Every structure is written in structure tokens, then in C-alpha cells.
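Chemist: My questions all concern the structure below.
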Amino acid sequence: MIRTTPFHPRLDELNKTGLWQHWAGFLSATQYDMSAKHEYFGIRNSAGLFDTSPLYKYWIRGKDAETFLAGIFTRDIRGCRPGRAQYTVWSDDAGYVLEDGVAFRHSENEFFLTAAEPNLGYLSDLVGRLRVEISDVSDDYGLLAIQGPRSRVLLATLAPEVTDLGFFGLVETKLGGAPVTVSRTGYTGDLGYEVRVRAEDALAVLDQIMDAGAPHGMRPFGLTALSMARIEAGLALIGVEFSTSRLAYTEHDRVTAKELGFGWMLRGIDADDRPFIGRDAIRREIAGGTSRWATVGLYLDWRDYDRVYNEAGLIPPKDETPLEYDSMLYDDAGERVGYATSLMYSPMLQRHIALARVRPPLAAPGSRVNLELTINHEYRTVAADVARLPLFNPERKTA
């Protein structure tokens, strides 16, 4: 059965295309406008609104809640103070990533977790004797992302508390009399916020936000524009940049946190007071230098890109629609050295970019690789330079 989110009745009226996709059993707009680029520029130039309600949502409460999560998450949750949120992953015993998500800490013993995949059974099986209660509240809340340079000022007209909210901070407040949690989080790599509201109050809160956003040109955006923004921001997408180890058939489909570019999550991994799941395997990987891949950004050489199309008698396409599948990478000798997972033409950067995995020796910025394209039914390669992620990183994101 296909389901709809608490915001759907209003957002359905705004969807000019009638294009929807399935996300966790819910309808999610592919794009509202005839051009996804218009929605994308709404994010980058003013403000955009995205319905992220299909995420799975869990309350994790109890005296041992911190201890419980510290033993599961690859990133140390103990450094996340009440009133803060933290992006993290969790891994299996072999150190391969299972899922990713955002943990919101409301108090010493109360956490709210969002994730793209269901995790209730997995988490519940790990409770053991710990004093922890896990509640699946996925249907109880709607989630709205308000993203872009005007997001702060428009939300501040409704909840002045957001004005001083720091990056990955959260505050419990009210919008139009309805209790909400506002966090400075998002999936676009821009200044942005997310609003969590009880399902029964969702439409009233949405109306308030849309009214406040109208003078700023705020517009809803769908999954295509979201993908464009997250690729520029270097943000991994489950099912594209990585697969859950739980469903992988071979190790070729599995990836570690370090290989995924999350080495920064591993600070304090040698501390003996937090033997989280997968820690020993990750420590062996680091000590032995056995990482198979490094996750990087790519800038395609525009001159080489134009050349191969011109030689084929074609106009070089500059299509911003993300290509979220493997594109092989080779060195100058023709040896395969990695693969791009997401490729697009960036409207902001005015060039083709990609998220990719390369062999660790090629991870240094400026390293040259060759990306495979299909032109006139033939394989051709275009030169590309390795770059640090994120590829788009405006100061306003964290300011």
C-alpha cells in the first residue's frame, strides 16, 4: 500500500508535474516544477522546502541510553551534548557500514534518531540488560527541511530562537501554537533547518512556514533537486554511495567508514572505554593500511569533455540531472582505479562533478584519473581531477 505523509494534502496541490516516487512506502515528489533546476536554485539562492517525513524515526530513552548508543554508533555519541545533533553511521562486526542517520540529543537520557532504513529490530536485539526503551514513532511525526540562504530569516519570524541556533544545534519551540523541534540540519550542504512536528499539527505548521517563506521566494523541491544539492555537498546516499552491509552479497558491495570518507568519525577509537560494534576490525584496517578505497570528489576537465563530444560530431551536453550509478575510472595506462558513484553538471560550479571511490594512492587532490562515458554507443574516457569534498561549501552553512 502506498502511503502519504502528513504534509501531502498541501504539497500535492503544489505539484505541477504530478511526478512522484516511492520512498519507504510513501509518495515523495520527484519534482514540483517543470524544471528541477528552478527548484535547485530556490535552495541555493533563497529557500526551498522538502518533505523528509518518510525517514524512520525512533525515540531512545532510559538511564543507559547513552551507553547503549555509544556501543553501536561508530562516532562517539558521548561528545554530543543535550541540545545538539550528530550525523553518524553504525557498522557490523567486520567494520562495514550498516546504516547512517542523525541522532538528536534532547537530554542526558533521551535521544531521537532518524534513518533512511528500518532499524527497530536491529536496535532492539542489542538492548540486552541495559535500561533502554526504544519506540518506533515513524508515523507520529512529520519532518520538513527548510534549506537555503533565506531559511534563517524566514524561520526567525515564526520562532526567534532559531536566530542564534548553531550548526547541528536543536531547540524545542512552538510554531503557531504547535510544539516543534527545530534543528540546524539538512541534506543540501547549505544553510538550513529541519522542523519536526506531531502529525496532527503538520498542516497548520506547514501553512505557517509557507506564509513566512512567500516574501522570500521559498518553493518546494523534490528528490531530483535534493540529489543535485547533496552531490555538490559531498553527502553520501544509501543505495548509491554505499549499500547496507546487511543486504550485500559480497565484500565488493560493502564499504567501511574510513573508505566512505568518514575517518573523522573515528577520533578516540583507541579509547578502551567504548568497544563499539566493529571497532576491532576498523582498528585493524587503520593499523594495517588495508582500506581498499578513498572517497573523493572529481572535477571533469571541461576541455577534454568538450573534445570527445566534438570529435563525435555532438554538442557537449551540460545536463544537471544526476546520474547515480557506477561510472568506471582508469589511469593513463588503462588500468581500472575506481568508479564514480554520482555524476552531474553543477549549475553553481558550472562544470561536471562527481562523487567517486579511488585507490588510496590516487586520493590526493590534483591526482588525474579518466572517467568512462558512452558516446555514440562507444566507450570513451574524459580526464578528471581528484578534489576534496565537499565541492560546494558556502560559509553560510555553518556561520
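The values are calculated or read from the model by the stated rules, or taken from the named source; none is laboratory data. In this text, all values refer to a predicted model and were calculated from it rather than measured experimentally. For neighbour counting, all protein chains shown are included, and Cβ atoms are generated from backbone atoms with ideal geometry for every residue, glycine included. We work out accessible area using only protein heavy atoms, side chains counted, and drop any ligands, DNA or RNA first. Shrake-Rupley method; radii C 1.70, N 1.55, O 1.52, S 1.80 Å.
Chemist: Using a 1.4 angstrom probe, figure out how much accessible area region 296-399 has per residue, in square angstrom, rounded to the nearest whole.
Modeler: Result: 52 Å² per residue.
Chemist: Of the listed pairs 57/174; 258/318; 57/258, which have alpha-carbon separations greater than 22 Å here? Show your work: numbers first, answer last.
Modeler: Numbers: 57/174 20 Å; 258/318 32 Å; 57/258 26 Å.
Beyond 22 Å between Cα atoms: 258/318; 57/258.
Chemist: In the neighborhood of residue 179, defined by Cβ-to-Cβ distances under 9 Å, what is the net charge if each Lys or Arg adds +1 and each Asp or Glu adds -1? Present the calculation step by step, with values, prior to reporting the outcome.
Modeler: Numbers: positive: 174, 198; negative: 172, 201.
Net charge in that neighbourhood comes out at 0.
Chemist: Moving on. Might you tell me the accessible area per residue for region 178-283, computed with a 1.4 Å probe and given in Å²? Mind dumping the intermediate values first?
Modeler: Values: 4120 Å² over 106 residues.
Dividing the accessible area of region 178-283 by its residue count gives 39 Å².
Chemist: Which net charge results for the neighbourhood of residue 118, defined as the other residues with beta-carbon distances under 10 angstrom from its beta-carbon, given Lys and Arg at +1 and Asp and Glu at -1? Mind dumping the intermediate values first?
Modeler: Values: positive: none; negative: 99, 117, 136.
Taking every Cβ under 10 Å from that of residue 118, the sum is -3.
Chemist: Given a 1.4 Å probe, how much area per residue of region 96-156 is accessible, in Å²? Before the final figure, lay out each step's value.
Modeler: Working: 2350 Å² over 61 residues.
Normalised by residue count, the accessible surface of region 96-156 is 38 Å².
Chemist: Where nothing but the Cβ of Lys and Arg (+1) and of Asp and Glu (-1) is charged, how large is the charge dipole of region 246-311 around its Cα centre, in debye to the nearest 20?
Modeler: Details: 11 positive and 12 negative charges, 52 e Å.
It comes to approximately 240 debye.
Chemist: In region 1-154, carbon and sulfur make up what percent of the accessible area (probe 1.4 Å)? Mind showing how you got there, number by number?
Modeler: On the way: 2980 of 6170 Å².
Roughly 48 percent of what the probe reaches on region 1-154 is carbon or sulfur.
Chemist: How many angstrom lie between the C-alpha centres of region 360-387 and region 38-70?
Modeler: 34 Å
Chemist: Just to check, using Stokes-Einstein with a Kirkwood Rh over alpha carbon pairs, what's the diffusion coefficient of region 152-257 at 4 °C and 1.567 mPa s in µm²/s?
Modeler: Working: Rh = 16.0 Å.
Reported coefficient: 81 µm²/s.
Chemist: Which whole-number percentage describes the relative contact order of region 114-197, with Cα contacts under 8 Å and a sequence gap of 6 or more? Can you show the working numbers first?
Modeler: Numbers: 111 pairs, mean separation 23.8, N = 84.
Relative contact order for region 114-197 comes out at 28 percent.
Chemist: Continuing with this model, one more query. Please state the charge dipole magnitude for the chain, taken about the Cα centre, from unit charges on C-beta atoms (+1 on K and R, -1 on D and E), reported in debye and rounded to the nearest 20.
Modeler: On the way: 44 positive and 54 negative charges, 154 e Å.
In debye, rounded to 20, the chain gives about 740.
Chemist: Which label marks the calculated value of Rg and Dmax of the Cα atoms in Å, given the options [x] 19.5, 62; [y] 20.7, 68; [z] 21.5, 68?
Modeler: Label of the calculated value: [z].
Chemist: Through the Karplus equation 6.51 cos²θ - 1.76 cosθ + 1.60, θ set to phi - 60°, convert the phi angles of region 320-327 into ³J(HN,Hα) values in whole Hz; use x for Gly and Pro.
Modeler: Using θ = phi - 60°, the values come out as 7, 5, x, 9, 9, 8, 5, 10 Hz.
Chemist: Work from the charge dipole of region 304-399 (Cβ charges, +1 for Lys and Arg, -1 for Asp and Glu, about the Cα centre) and give the residue of 343, 371, 333 farthest towards its positive end.
Modeler: The residue sitting most towards the positive pole is 343.
Chemist: Another question about this same structure. Just the ratio, please: alpha-carbon radius of gyration of region 1-151 over 2.2 N^0.38 Å, N its number of residues. Show your work: numbers first, answer last.
Modeler: Details: Rg = 17.7 Å, N = 151, 2.2 N^0.38 = 14.8 Å.
Normalised by 2.2 N^0.38 Å, the Cα Rg of region 1-151 equals 1.19.
Chemist: Students often forget the sequence filter, so: which aspartates and glutamates lie under 12 Å Cα-Cα from residue 63 once same-chain residues fewer than 8 apart are removed?
Modeler: The reachable aspartates and glutamates, counting only those whose Cα sits under 12 Å from residue 63, are 108, 110, 133.
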